[in-house]
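Participant: After the structure tokens below, expect a handful of questions from me.
What follows is calculated from the coordinates using simple rules that are stated; it is not laboratory data. As the structure is a computational prediction, the values presented were derived from the model and not from experiment. Methodologically, a virtual Cβ is constructed for each residue, glycine included, from the backbone with ideal geometry; neighbour enumeration extends over all protein chains shown.
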Amino acid sequence: MPLSTQSQGDDEQYVLVANLDNARNLSNILKAITFKDHAIFTATTNGLKVTVEDSKCLQANAFIQAEIFQEFTIREDLVAFQINLTVLLDCLNIFGGTTTPGVSTALRMCYRGYGYPLTLFLEEGGVVTVCKINTQEPEEPIDFEFCSTNVTNKVILQSESLKEAFSELDMTSEVLQITMSPSQPYFRLSTFGNAGNAHYDYSKDSDMMELFKCTETQTNRYKMSLLKPSTKALALSCKVSVRTDNRGFLSLQYLVRNDDGQICFVEYYCCPDEEVEEN
Amino acid sequence: MHCIVTGGNVKVLAKAVHSLSRIGDELYVEPQEDGLALRSVNSSRSAYACFLFAPLFFSRYSITSGDNFRCKMAIKSVQSVFRSLTTLEKTVEKCHIDLDKQKDRLTFTLHCKHGLLKTHNLSFQDSESLQAVFDKDSYANVFRAQPRLLVDTVVHFPPSLDEVTVSVSDERMWVRNHVEEEAEASKAMLTELCLASDEFDHFAAQAHNSVTFCLKELRGLLVFAESTGLPVSMYLDEPGSPVVLSVTDSVLEGNFVLATLSDDPSLRKNSSKGAHTAAPPPPDDFMNDDMDSYLIAMDTSIAPGPSNTGPPPPSLSGDTRSKRPAAVSHKARILIEEAEEEETDDLDRLPNKKFRSLFFGSVLPPSSQLSTQPMTSQEVLASDSEEEN
């Protein structure tokens, strides 16, 4: 309450104002994509998109729809800036990230526009903290040109079973190979490590498999180091969709439920490892 | 080889692998007529463990008879197949183990719930035979206890503790931590537990002996025994003779053989490299042991005669297999190796290497097994010079 009354008059100065009663609804999902320091924030009337990229081969996006926020006001069609994600997360958790039920940190995020810092008002138990984080010129996020029409194979799995496989993946393997096929082995994750190779096969008839639409047999390899961060998103999610297109690009989409049961999405795009020829 | 493990036995197999990993870095796999043998030995050859799973342990066990196949692989790789024991219990329905000789691969296939199939193709190397020679039935002291008793005893010692000394009398067993002679009295903490014979399921102490062995390797067995609920049998003999701990049930047998320090403290202190003859043996056995050792040395064709280094200091009985090597140095907990840690003198090393072959072969003149043993020991010369722990 103190936050909203304070800044009523200032609102016209801000191109973006977003309020959340529980800052964890933002910070938890951002943790799923924090593998690099910097993130690109893009806000539209639909909500907030946060993008993190790695070596031009991997892109992670977190989507927080406008409906998740208690208030989401945007005065321009598109507001974008680049910010240090690690610092932002530190600020969002400034009250220590307590999980006492009923106690949460309220957040009011304000941005005046190009060149201005992102201002965060955080309140918990009557204590208010104001954080101003410098913003930078936003880089253009890579367009992986991944569109549904080019998707050759798609499966939707319950995260629980995939979590088990990912936690056991042989990290001495440089690549993670994903095979998707309308015939055996249907959906296979493979590693090639020091001790030998390992395969995790998911049958299309498995009760963990919610959707199985594979049109052709495809085997692609992706750098393990690039995909490893996606485990965080997997851990938060309840369902994951795995899609590959005709170029072998990988799209992983995670359905995440926040503290209040609302749905947010995290997606990862990854380029195939070029050295390996497909078989 | 093709075998299938189902249900709860998968977890038992996994636990056996994990407990073998506490002994050594490599897992020796040998499918035999009487079952699948999984073995491990530590780098200094002072601890050896073997699990034999009878054909009935498996829902299917088929091997090519007369094959004499054996291999070894990094135990970490096998552990990674059975990484999460709780998950294993909940989700694994059966485990297939298949050998592909053409590709030099051992394949573990875990059939899990929800239609998930995990396949691990592990590469292996051909290996020499690894078999410790011990005759626990000839041991003077035999005990059997529920694993809980031993676990509760061992918990009193810090994880960093290397060695414990177990002493037995007619009615009691004492377990205390072993403190090196050189340790300062002010810094040493002595912990001693006394167990009464009625705490054991079986307690037969014919000889009042006191043996010292490494605790770390014992813990591996205890973890296995506790999870399977099988009673642990302990076989003790004279110092120098390895202590054997076993768990048995109708379909499996696990044996942990741990070398013990041979000498009593007074001898140990004076024993040093190359000074075998100089080491003063226990006064009462002095003359006999000297003679015994010498005679034993002359008898065995393996050892080229310890003449260049002098007969090893005493062992208390004529059991050549285990005694001699242990007596050589004061860190003689290792049956064969012991001298490695203290000695840099090459001359001294040679006899010890030969002694190792005694542990793992038989004392009789060359058999096929023996012909490989000395080779092995010589090969391992370099690595054995490493300090244990």
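Participant: Over the Cα atoms, compute the radius of gyration (one decimal) and Dmax (the largest Cα-Cα distance, rounded to a whole number) for the range B:2-126, in Å.
Facilitator: 13.8, 45
Participant: If the label point is 7 Å along Cα→Cβ of A:Thr45, which residues in the range A:77-93 have backbone nitrogen under 11 Å from it?
Facilitator: Residues A:77-78 fall inside that zone.
Participant: When a/c is below 1.5 the answer is rounded, else prolate if a/b is larger than b/c, else oblate, so apply that to the range B:169-228 with a ≥ b ≥ c taken from the square roots of the Cα gyration tensor eigenvalues. Walk me through the intermediate numbers first.
Facilitator: Working: a/c = 2.30, a/b = 1.32, b/c = 1.73.
Taking the square roots of the gyration eigenvalues as a ≥ b ≥ c, the range B:169-228 is oblate.
Participant: Could you quote the convex hull projected area for the range A:121-165, Cα atoms only and averaged over all directions, in nm²?
Facilitator: Result: a mean projected hull area of 8.0 nm².
Participant: Let me ask something else. Can you give me the convex hull volume of the Cα atoms of the range A:149-268, divided per residue and expressed in Å³?
Facilitator: Value for the range A:149-268: 100 Å³ per residue.
Participant: For B:Asp25 and B:Glu199, what does the FRET efficiency come to when R0 = 35 Å and r is the distance between their Cβ atoms, rounded to the nearest 0.05?
Facilitator: Working: r = 35 Å, r/R0 = 1.01.
According to the calculation, E is roughly 0.50.
Participant: Could you check the simple spin-label distance between A:Gln184 and B:Ser123, using points 7 Å along Cα→Cβ, in nm with one decimal?
Facilitator: 2.6 nm
Participant: Using a simple spin-label model with points 7 Å from Cα along the Cα→Cβ vector, what separation in nm is obtained for B:Ser160 and A:Asp54?
Facilitator: With each label point 7 Å from Cα toward Cβ, the separation is 3.7 nm.
Participant: Let me ask something additional. Which loop GluC sites (Glu not before Pro) in the range A:118-211, with loop taken from DSSP, have no more than 11 other Cβ atoms within 10 angstrom of their Cβ?
Facilitator: Values: sites: A:Glu123, A:Glu124, A:Glu139, A:Glu145, A:Glu160, A:Glu164, A:Glu168, A:Glu174, A:Glu210; in loops: A:Glu139, A:Glu145, A:Glu174.
Here the sparse-neighbourhood loop sites are A:Glu145.
Participant: Residues of A:170-176, mean number of Cβ from any other protein chain within 10 Å of their own Cβ, rounded to a whole number?
Facilitator: 1
Participant: So, one more: Along each principal axis of its Cα atoms, how long is the range A:88-153 end to end? Whole angstroms, biggest number first, please.
Facilitator: Principal axes ranked by extent give 52, 35, 15 Å for the Cα atoms.
Participant: How large is ³J(HN,Hα), in whole Hz, for each residue of the range B:127-138 in order, when computed from phi with the Karplus curve 6.51 cos²θ - 1.76 cosθ + 1.60 and θ = phi - 60°, using x for Gly and Pro?
Facilitator: 9, 6, 6, 10, 8, 7, 9, 8, 10, 5, 5, 8
Participant: At a Förster distance of 41 Å, what's the computed FRET efficiency of B:Val151 paired with A:Asp207, Cβ-Cβ distance as r, to 0.05?
Facilitator: So, using R0 = 41 Å, E works out to roughly 0.55.
Participant: Please compute P(r) over all alpha-carbon pairs of chain A, binned at 10 Å starting from zero, and give each bin as a whole-number percent.
Facilitator: The calculated distribution, bin by bin, is 6, 27, 31, 20, 12, 3, 0.
Participant: Using a Förster radius of 41 Å, what is the FRET efficiency between B:Thr64 and B:Ala207 based on their Cβ-Cβ separation? Nearest 0.05, please.
Facilitator: Rounded to the nearest 0.05, the efficiency is 0.35.
Participant: Taking 0.36 nm per intervening residue step and subtracting the Cα-Cα distance, what contour gain separates B:Glu226 from B:Ser250 on full extension? Could the numbers behind the result be given before it?
Facilitator: Values: separation 24, 0.36 × 24 = 8.64 nm, distance 1.70 nm.
Residue separation times 0.36 nm, minus the Cα-Cα distance, leaves 6.9 nm.
Participant: Given the rule -39500 (n - 2.57) for each run of at least 4 DSSP H residues, summed and divided by the residues of chain A, what is its mean residue ellipticity at 222 nm, to the nearest 500 deg cm²/dmol?
Facilitator: Taken over chain A, the calculation gives -4000 deg cm²/dmol.
Participant: What is the range A:11-134 by shape, rounded, prolate or oblate, if you read a ≥ b ≥ c off the alpha carbon gyration tensor as root eigenvalues and call it rounded for a/c under 1.5, prolate for a/b larger than b/c, and oblate otherwise?
Facilitator: oblate
Participant: Counting other Cβ atoms within 10 Å, which trypsin sites (Lys or Arg not before Pro) in the range B:161-209 have at most 11 and lie in a DSSP loop?
Facilitator: Sites meeting the loop and neighbour criteria: B:Lys187.
Participant: While we're looking at this one, here's another question. Identify the residues of the range A:100-124 with backbone N under 11 Å of a label point that sits 7 angstrom from the Cα of A:Lys132 along the Cα-to-Cβ direction, or state none.
Facilitator: A:116-120
Participant: Could you tell me the distance between the Cα centroids of the range B:171-242 and the range A:65-92, to the nearest Å?
Facilitator: A separation of 64 Å, based on Cα centres.
Participant: Averaged across B:117-126, how many Cβ atoms of other chains sit within 10 Å of each residue's Cβ atom?
Facilitator: Averaged over the peptide's residues, the number is 5.
Participant: While we're looking at this one, here's another question. Each label point is 7 Å from the Cα along the Cα-to-Cβ direction; what then is the distance between the points at A:His38 and A:Tyr114, in nm?
Facilitator: 1.8 nm
Participant: Express the relative contact order of the range B:2-126 as a whole percentage, based on alpha carbon pairs under 8 Å and six or more residues apart in sequence.
Facilitator: The value is 28 percent.
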